[in-house]
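The values are calculated or read from the model by the stated rules, or taken from the named source; none is laboratory data. Bear in mind that the values here come from a model prediction, so they are computed numbers and not experimental data. When we count neighbours, we look across all protein chains shown, and the Cβ atoms used for this are built from the backbone with ideal geometry, even at glycine. Keep in mind that these areas ignore ligands, DNA and RNA; they rest on the heavy atoms of the full protein, side chains included. Shrake-Rupley method; radii C 1.70, N 1.55, O 1.52, S 1.80 Å.
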Amino acid sequence: MADDFDVIVVGAGMAGCAAAIRLAKGGANVLLLERGAQPGTKNLSGGILWGHDLDAILPKWWESMPVERHVVRKRFGFLTAEGSVSFSLSDAAWGTPPYAAHAVLRSRTDAWLAAQAEAAGATVVASVPVERLNWEGTRVHGVVQGGETMTAPVTILADGANSRLALGTPIRPNPRLSAEATELGVKEVYKLPKGTLEDRFNVRDGEGHAEEWVSGIFPPGVMGGGFLYTNRDTVSLGIILNIASMFGKNVQSHDLLERFKLHPEIAGRLDGAELVEYGAKLISGGWASRPASFHGDGWMVAGDAAGFVFSNGLVIQGMNYAVRTGLLAAQTALEAKAANDASRSRLAAYHRRLESTGVLADFREFEGLDAVKWNPRFYREYPELAYRVLHDLMTETGGPKVHARALAWKAFRRSKLKWSAAAKDVVSLGRNL
Ligand SMILES: Cc1cc2nc3c(=O)[nH]c(=O)nc-3n(C[C@H](O)[C@H](O)[C@H](O)COP(=O)(O)OP(=O)(O)OC[C@H]3O[C@@H](n4cnc5c(N)ncnc54)[C@H](O)[C@@H]3O)c2cc1C
């Protein structure tokens with residue numbers, strides 16, 4: 001019996017939409033299924049989109065996609081109990097087309113991307129929470145939902161970080177994500193009059209400001225950080241937490257978000273702002289979060305579902321990898337359709353593409369990143385040390401002038417740091433960041 005579609009894509013996030021657009025433009029009969037009432041309603045990012053990968057399917061996409069602002073400045077720093085230390089990077093080229101990065105709200109961008117897929121010829125159906133993949137032995141032959149089976153020779157799994165369709169199957173034999181390799185993101189969106197926002201963040205019309213903070217203000221042992229991004233007339237603000245570090249500590253993620261919001265560095269910028277949205281989502285990325293395989297008989301896995309989120313404390317980048325890997329899976333599916341062969345060996349071209357385009361190298365090369373990112377000293381001792389040295393260096397007390405090296409030595413001795421641990425951390429930083 002003939003299949004219902006050439007390709008079924010599960011999940012209308014960045015990966016699924018990109019794949020569906022590429023497939024439809026390539027002449028495939030593609031079905032894009034989304035569990036949300038509308039694409040984007042279930043999605044959440046910080047979110048700074050480094051969108052160059054979209055150029056391949058939607059030239060000059062930033063002119064029509066509902067992006068919020070193009071980023072012209074990024075600030076990075078440490079929050080401590082007494083203050084903060086930060087630096088800021090701006091680049092004139094970021095302010096001119098094709099721009100570098102955009103602040104986005106996924107409820108808008110994903111709905112727009114799904115509409116582009118539909119316009120290209122894809123069948124997009126929302127409010128369909130796919131129950132499971134249709135396994136026929138080791139082969140996936142479409143999906144099952146509400147007792148109905150929809151078939152296609154190729155299924156692309158793009159259902160995000162907590163891929164229920166993959167967990168406990170040959171794709172991800174473990175039925176649960178590992179707490180050590182999973183983070184929790186909690187986000188709020190605040191409305192501000194556009195003029196107030198632009199004055200407060202020192203940006204002009206269309207320009208955006210982005211901040212990422214390592215938090216030294218959470219209870220001892222709890223590791224995480226915060227972000228703040230400007231949208232058109234709202235501010236996206238949130239925290240990202242190492243889940244394993246919260247175990248046994250009787251802490252609530254919303255209390256930690258409150259601490260972040262109340263820090264003097266953040267609080268003033270929310271004066272008079274009105275909360276309009278909130279949400280939470282898991283992040284499961286990095287080499288340790290990869291599935292058992294990225295492809296098999298009749299299936300490929302892309303985006304967050306495959307663990308393609310790069311996060312090193314300075315940046316979090318997942319949407320770009322979602323688009324890129326969605327496109328690579330789509331290209332492979334088009335070739336499989338032309339060859340009338342969706343076997344594991346044919347779809348191995350997807351794995352080769354992940355290698356040749358450098359996606360796997362990005363994650364393999366930074367396998368040791370977690371050792372740096374989730375080192376407790378980067379959340380307490382080092383922020384305190386940096387704060388103390390700079391504070392003393394920049395504060396006039398009326399006392400005698402002291403060399404920076406002497407201040408650093410004094411601050412180091414006051415901290416609970418040991419030379420051996422600090423030396424190890426410097427080596428680890430150099431090797432893994
Ligand atoms: C707090 C936070 C901040 C972040 N900040 C950034 C950032 O600034 N920049 C960046 O690049 N990345 C950021 N990320 C990561 C980024 O959000 C993800 O990498 C990106 O969304 C992955 O896209 P995706 O299409 O693979 O998955 P998703 O966007 O998660 O999309 C998956 C889709 O599948 C649907 N779905 C799931 N299960 C089913 C089912 N059974 N049936 C039908 N549909 C289903 C979902 O509803 C969803 O629409 C952040 C993440 C978080 C949580």
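What to note about this one:
- Residue in region 343-351 that is touching a Ser or Thr at 6+ places or on another chain (Cβ under 6 Å) and modelled with pLDDT under 95 present: no
- If you go through region 146-202 and keep only what is within 14 Å of the ligand (Cβ to nearest atom), assigned to a loop (DSSP other than H, G, I, E, B) and farther than 19 Å from S45 by Cα, you end up with G146, R164, L165, A166, G168, I171, L177.
- L79 being more than 11 Å from the ligand (Cβ to nearest atom) and crowded, with 21+ Cβ neighbours inside 10 Å: yes
- Of the set (1) modelled with pLDDT under 95; (2) open to solvent by 20 Å² or more (accessible area, probe 1.4 Å), all apply to G40 but (2).
- Condition met for I48 (more than 9 Å from the ligand (Cβ to nearest atom) and crowded, with 19+ Cβ neighbours inside 10 Å): no
- Residue list for region 4-45, restricted to those being within 6 Å of the ligand (Cβ to nearest atom) and in a helix (DSSP H, G or I): M14, A15, G16
- Test: residue in region 126-138 that is part of a strand (DSSP E or B), within 14 Å of the ligand (Cβ to nearest atom) and closer than 15 Å to V9 by Cβ: yes
- Residue that is under 17 Å from E188 (Cα atoms), in a loop (DSSP other than H, G, I, E, B) and either near the ligand (Cβ under 9 Å from one of its atoms) or in contact (Cβ under 8 Å) with a residue 60 or more places away in the chain (or both), where the choices are R232, R269: R232
- Single residue of region 288-320 satisfying the filter (more than 7 Å from the ligand (Cβ to nearest atom) and in a helix (DSSP H, G or I)) that is most open to solvent (accessible area, probe 1.4 Å): A288
- Where helices (runs of 4 or more DSSP H) sit wholly within region 370-433, those with at least 2 residues that are under 30 Å from S284 (Cβ atoms) and at pLDDT below 90 occupy 419-432.
- Residue in region 244-264 that is open to solvent by 20 Å² or more (accessible area, probe 1.4 Å), at pLDDT 95 or above, more than 21 Å from N312 (Cβ to Cβ) and within 13 Å of the ligand (Cβ to nearest atom) present: yes
- Long-range neighbours under 6 Å by Cβ, at least six apart or interchain, first residue basic (K, R) within region 336-360, second surrounded by 12 or more Cβ atoms within 10 Å (Cβ to Cβ) and modelled with pLDDT of 95 or more: K337/D6; K337/A28; R344/G296; R344/D297; R346/A336; R353/L328
- The lone exception for E82 - which of (1) closer than 30 Å to L31 by Cα; (2) modelled with pLDDT under 95 it fails: (1)
- Screening I266 on (1) farther than 23 Å from F366 by Cα; (2) out of contact with any Phe, Trp or Tyr (no Cβ under 8 Å at 6 or more places or on another chain) shows it passes everything except condition (2).
- Residue match in region 183-195 (condition: open to solvent by 50 Å² or more (accessible area, probe 1.4 Å) and among the small types (G, A, S)): no
- Among (1) among the aliphatic types (A, V, I, L, M); (2) surrounded by 19 or more Cβ atoms within 10 Å (Cβ to Cβ); (3) in contact with a Ser or Thr (Cβ under 7 Å, 6 or more places away or on another chain), the one test that V276 misses: (2)
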